[in-house]
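Quick notes on the structure that follows.
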Amino acid sequence: MRILVENVSPEDAVVLKKQLNTSELYVFGIAKRCIYGYPSIAVLNPVFDDSEKTINYTALKNTLWLTCPFLNRKIHTLEGEGNISKIQSFLNSDREFLGKMQDANAHYYFFRKEVYFESSRLEFNDSLAESFNSGVGGIKDVSSIKCLHMHYAHYQFCSSNLAGHITELMLNNEISCNEELCKCSSC
């Protein structure tokens, strides 16, 4: 499954900098927007925007990034309630669940490589293998989960990501803010 990525407009860049609380923006594109049209999931650029094409290993491991401040807060609360370990225990209880998560991690692996090759003219080398040979969010042990934000973002494009699906169910359809939080970002 291919994830379609939009280019980042100057207006998007302003919003993303505010959402990510940064002055430096290393975003390859926008994968999803909220109901108000603001970026909600970004694809990070695995290559810094300098002339030497330096690898951004953090972005390489965490290719999809949930930028929506509303969802970030909601999912942070879920994590704070101990739901990472609860979801992990649930997924470990069934081989089919584990198989789906392996499929999700494989999807993320290939998506990561696709973004890397589209954003870089650099060749793949052995020093990159560790970053590529990891699951959603850079997790080394693909039979475990690390971050519900990452899994939720990935689930928006990969239905095999059961951790993301469970996270979405736990949000009880509260996936959009009422107060258009990102509006002031574009002023």
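Bear in mind these aren't lab numbers, they're just calculated from the coordinates by the rules spelled out. Bear in mind that the values here come from a model prediction, so they are computed numbers and not experimental data. Note that we place each Cβ from the backbone using ideal geometry, even for glycine, and neighbour counts take in every protein chain shown.
Longer than 19 Å from Cα to Cα, which of K74/K100; K32/K183; K113/K140; K32/K53; K18/K113; K100/K146 are they? Say none if no pair is.
Correct reply: K74/K100; K32/K53; K18/K113.
Give me the orientation-averaged projected area of the Cα convex hull of the chain, in nm², one decimal.
For the Cα atoms of the chain, the hull's average projected area reads 10.9 nm².
Under the rule of at least 5 residues apart or a separate chain, name every residue whose amide H is placed under 5 Å from the amide H of V27.
HN-HN under 5 Å from V27: N45.
How much length would be gained if the chain were fully extended between E174 and N7, taking 0.36 nm per residue of separation minus their Cα-Cα distance, in nm to one decimal?
Contour length minus the Cα-Cα distance gives 57.4 nm.
With a 10 Å radius around each residue's Cβ, average the other Cβ atoms per peptide and rank 143-154, 127-138, highest first.
Most protected by this proxy first, the peptides run 143-154, 127-138.
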